[in-house]
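Notes follow the structure.
The values are calculated or read from the model by the stated rules, or taken from the named source; none is laboratory data. Owing to the predicted nature of the structure, the values given are computational and were not obtained by experimental measurement. All Cβ positions, glycine included, derive from the backbone under ideal geometry; neighbour counts span all protein chains shown. Calculation scope for accessible area: heavy atoms of the full protein, side chains included, ligands and nucleic acids excluded. Shrake-Rupley method; radii C 1.70, N 1.55, O 1.52, S 1.80 Å.
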Amino acid sequence: MPHLFKQYNLKNLNTFGIEAYCDNYTELYSIDDLKALMALPDYVSSKKLILGGGSNMLFLSDFKGLVIRNCLKGISIEKNLGEEVLIKSAAGENWHEFVMWCVKHGYAGLENLSLIPGCVGASPMQNIGAYGVEIKDVFEELEAYHLTTGQKQVFSKEACRFGYRESVFKRELKDTFMITSVTFRLKKKAKVNTSYGAIQEELEKMGVKEAGIKDVSEAVIRIRQSKLPDPKLIGNAGSFFKNPEVNEETYKTLKASYPAMVAYALENKNYKLAAGWLIEQCGLKGYELNGAAVHTKQALVLVNKNNCSGQAIYELSEHVLNAVFSKFGVRLEREVNIIS
Ligand code: FAD
Ligand code: EPU
């Protein structure tokens, strides 16, 4: 039977390090724990929040409800399919440790996603991505439990409706399911993806000529450590905003005024703009407001510089949104989940 902790401080359970209390807090170690929790009288009436590693959420205030931390563990090989293999991980496994397990066993596909904080169960939420790979590229299926009916449901890739930092769980099915496991289709023979420029440069620095998955993983770790702030040292949730997509006409107009603007052409003829570049051009790198700040090495990341409140981070994000909109006419969208 899972224990309910009253008035629980979530400060050490979110990587922004924001002090926020919830009415009730519990940890689940098995599906039986979930079923027992759902049978409690208070469960139905409580507002619920599923917590993984807390690395993509911002608490604006105390949470008036039940926070359920998913601690389900276990990694298994589900099926050997010749050149491919299906690997299933329970939702509470640490993402980076899971990636390292795959790399160690020679299963290719996740190495570009090394060192992303958080748990496996949250990875489909925003279709996590980095250095040229998103989980949709290797996703097979996931299992989830409906938080009201307790019914188990299997979601295929199509059912997850993955997009850039998007899925059905962030939109239509927000706060409806608890993801309990995710299965990935990985390759037994390494086919590395070094298309992201920075990886090739890093591999050259490392003196690697024919990269394997361990090398790619190591290169990604080095790049990430060089520019992204370590949440253990300074509170943050990675990129606070998404990179915005604009149509060709808007791109051309902006490019004519700002020839140095960083942008990538998309298959649908639109362009993705580097939000970090836009924010930096507004002179906001290092900008500080009530203890919240724009990171000095990566302007897309907002940090808790001086033990600030969630509200302070949010106000800083408003300031950044407004500054980018007035200078470029482009509206940024928040990537981080705002919890109020
Ligand atoms: P949480 O923050 O705990 O939760 C995020 C959301 O998912 C919440 O809405 C929560 O309710 C929901 N949720 C969590 N677990 C479950 C579950 N089992 N079932 C249902 N809902 C659930 N992201 C990237 O995509 N690419 C990056 O390169 C990247 N770099 C980062 C770097 C740093 C330094 C940091 C701090 C963050 C970075 N992130 C990145 C963001 C973050 O790590 C990912 O979004 C990660 O998947 C969040 O996992 P989590 O377990 O911490 O989720
Ligand atoms: N840039 C600037 N100034 C800055 C930051 C970036 O000019 O302050 C420029 C860089 O010089 C580069 C471009 O913007 O030319 C892109 O920068 P970077 O390679 O650091 O990637 P990003 O677009 O800022 C995205 C993801 C990251 C992911 C990296 C690597 C989003 C919202 N962010 O960042 O994901 O790790 O690419 O693939 O898509 C996250 O989601 O939390 C996250 C960290």
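A few points about this structure:
- Couplings 3J(HN,Hα) of the range 158-174, computed from phi: 4, 5, 6, 6, 5, x, 5, 6, 9, 7, 4, 6, 8, 10, 4, 9, 4 Hz, in residue order, whole Hz [Karplus 6.51 cos²θ - 1.76 cosθ + 1.60, θ = phi - 60°; x for Gly and Pro].
- Antiparallel content of DSSP bridges confined to the range 31-105, in %, to 5: 60 percent
- Each label point was placed 7 Å from the Cα along the Cα-to-Cβ direction; for residue 252 and residue 296 their separation is 4.2 nm.
- For the listed residue pairs 48/79; 242/297; 191/285, the alpha carbons are over 26 angstrom apart in 48/79; 191/285.
- Working note: Cα gyration tensor of the chain, eigenvalues times five, square-rooted, sorted largest first, giving semi-axes of 32, 28, 18 Å.
- At full extension, residue 172 and residue 206 could sit 7.8 nm farther apart than now, given 0.36 nm per residue minus the alpha carbon distance.
- Over the chain, relative contact order from alpha-carbon pairs under 8 Å, at least 6 apart, %: 16 percent
- Between the range 143-219 and the range 74-131, the alpha-carbon center distance in angstrom: 7 Å
- Accessible surface ranking for 95, 277, 101, 1.4 angstrom probe, highest first: 101, 277, 95.
- Sites residue 230 and residue 153, calculated FRET efficiency, Cβ-Cβ separation with R0 41 Å, nearest 0.05: 0.70
- Whole-angstrom gap from the range 1-57 to the range 247-282, using each part's C-alpha centre: 41 Å
- DSSP-defined beta bridges in the chain - what % are antiparallel, rounded to 5: 80 percent
- Note on the chain: helix-only mean residue ellipticity at 222 nm, from DSSP H runs of 4+ residues weighted -39500 (n - 2.57) and normalised by residue number, equals -7500 deg cm²/dmol.
- Compared with the alpha-carbon gap, the fully stretched path from residue 83 to residue 101 is longer by 4.6 nm at 0.36 nm per residue.
- Percent accessible area from carbon and sulfur atoms, the range 75-187, protein chains only, probe 1.4 Å: 48 percent
- When the chain is treated as a GNM with alpha-carbon contacts under 10 Å, the residue of 117, 244, 229 showing the greatest mean-square fluctuation is 244.
- 26 Å Cα-Cα reach of residue 47 towards lysines, excluding residues that sit fewer than 8 places from it in its own chain: 6, 11, 35, 64, 73, 152, 170, 174
- Highest-fluctuation residue, 120, 262, 220 considered, GNM on the chain with Cα pairs under 10 Å: 262
- When the convex hull of its Cα atoms is viewed from all sides, the range 75-187 shows a mean projected area of 6.6 nm².
- Cβ-derived FRET efficiency at R0 25 Å, residue 64 paired with residue 306, nearest 0.05: 0.40
- Residue with peak Gaussian network fluctuation, the chain [Cα springs, cutoff 10 Å], from 274, 260, 211: 260
- Relative contact order %, the range 5-70, counting alpha carbon pairs below 8 Å whose residues are six or more apart: 42 percent
- Cα gyration tensor shape for the range 235-339, rounded if a/c is under 1.5, else prolate or oblate: prolate
- Relative contact order [Cα under 8 Å, 6+ residues apart], the range 75-187, whole percent: 32 percent
- Average accessible surface area per residue within the range 75-187, 1.4 Å rolling probe, Å²: 40 Å²
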